[in-house]
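Below is one structure; the comments refer to it alone.
The values are calculated or read from the model by the stated rules, or taken from the named source; none is laboratory data. Keep in mind the model is a prediction, meaning the values are calculated, not measured. Quick reminder, even Gly has a Cβ in these numbers, built from the backbone with ideal geometry, and neighbours come from all protein chains shown.
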């Protein structure tokens, strides 16, 4: 393993996706145990993406975590897909983690009513604000996004906790490459997303970013300016964030 430090952000480079996921899960599980030892309930927010598969699979197998004291949230959801839709992020998280560890409380974003997207953003934002988030399990998109904070909508000081956004073409095409949709025409054009200001206020952040297709975004996040042109760059200033990548995703980082 190679370790790279940029500002406050430590990045661990692992040889492959499996090793990356295992290392990230070990770290996240350790932080989760510490939080559970210090407080009665712990609030965890989850990204839903193919990049998270190895992390969540390993985390589900970690011992010593009292999931009955964990409140679970998720980062984003498509507008236009009802609760329970097989393509929704809530269903993806049910399948990959929540049905396996059974948190005490699961709060899902409901993007099923496009006309009510603003109201749903406010409802979910109020849930997040009522206690904040202790641990965030995140990824970084091909354009440097975190959640659906694509560069054209990212705001590091966003006044809203959750907001409706237009998904940019890079992110919509990524959903097809990730296997979530067969054609880009099938990918919804709008989403509800937890904002960058809320993400940056999370107390602990663990990120996993695998694959050569993410190498440009990872390099921009670590070596470029801190700017909404690469929203993930703001994570360099977080006091308790850790990034795990495989060698393919680390290929363009300055050494």
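Please determine whether any residue of the range 172-192 is touching a strand residue (DSSP E or B) at 6+ places or on another chain (Cβ under 9 Å), crowded, with 23+ Cβ neighbours inside 10 Å, at pLDDT 95 or above and under 25 Å from residue 88 (Cβ atoms). Among the residues of the range 172-192, at least one is touching a strand residue (DSSP E or B) at 6+ places or on another chain (Cβ under 9 Å), crowded, with 23+ Cβ neighbours inside 10 Å, at pLDDT 95 or above and under 25 Å from residue 88 (Cβ atoms), which makes the answer yes. Residue count for the range 9-51 under the criterion of being farther than 24 Å from residue 212 by Cα and either outside any helix (DSSP H, G or I) or touching a residue at least 40 places away in the same chain (Cβ under 8 Å) (or both): the result is 10. Restricted to the range 52-161, the set of strands (runs of 3 or more DSSP E) holding at least 3 residues that are in contact (Cβ under 8 Å) with a residue 40 or more places away in the chain comprises 76-78, 135-138.
Annotation note: Cβ proximity below 7 Å between a residue of the range 166-193 that is free of Cβ contacts under 8 Å to residues at least 24 places away in the same chain and a residue that is loosely packed, with under 15 Cβ neighbours inside 10 Å and in a loop (DSSP other than H, G, I, E, B) (sequence gap 6+ or interchain) occurs for 176/183.
Residues in the range 219-251 that are out of contact with any strand residue (DSSP E or B) (no Cβ under 6 Å at 6 or more places or on another chain), part of a helix (DSSP H, G or I) and more than 14 Å from residue 149 (Cβ to Cβ): 3 in all. When residue 232 is tested against (1) surrounded by fewer than 23 Cβ atoms within 10 Å (Cβ to Cβ); (2) farther than 27 Å from residue 38 by Cβ; (3) in contact with a helix residue (DSSP H, G or I) (Cβ under 6 Å, 6 or more places away or on another chain), only condition (1) is not met. With respect to residue 152, determine if the residue is over 15 Å from residue 188 (Cα atoms), modelled with pLDDT of 95 or more and buried (at least 18 other Cβ atoms within 10 Å of the Cβ). Judged against the criteria, residue 152 is not a match.
Among residues of the range 236-247 that are modelled with pLDDT of 95 or more, those with a Cβ under 7 angstrom from a residue that is part of a loop (DSSP other than H, G, I, E, B) and buried (at least 23 other Cβ atoms within 10 Å of the Cβ), sequence gap 6+ or separate chain, pair up as 245/210; 246/210. Residue count for the range 218-229 satisfying the condition of being surrounded by 19 or more Cβ atoms within 10 Å (Cβ to Cβ) and either within 15 Å of residue 8 (Cα to Cα) or over 15 Å from the mean Cα position of the chain (by Cα) (or both): 3. Only one of these is under 14 Å from residue 205 (Cβ atoms) and touching a strand residue (DSSP E or B) at 6+ places or on another chain (Cβ under 6 Å): 44, 70, 13. Name it. Only one candidate passes the filter, namely 44. The residues in the range 201-218 that are outside any loop (DSSP other than H, G, I, E, B), more than 17 Å from residue 20 (Cα to Cα) and touching a strand residue (DSSP E or B) at 6+ places or on another chain (Cβ under 9 Å) can be counted, and the count is 2. Each residue in the range 124-141 was checked for being closer than 14 Å to residue 163 by Cβ and either touching a helix residue (DSSP H, G or I) at 6+ places or on another chain (Cβ under 9 Å) or buried (at least 18 other Cβ atoms within 10 Å of the Cβ) (or both), and 4 of them qualify.
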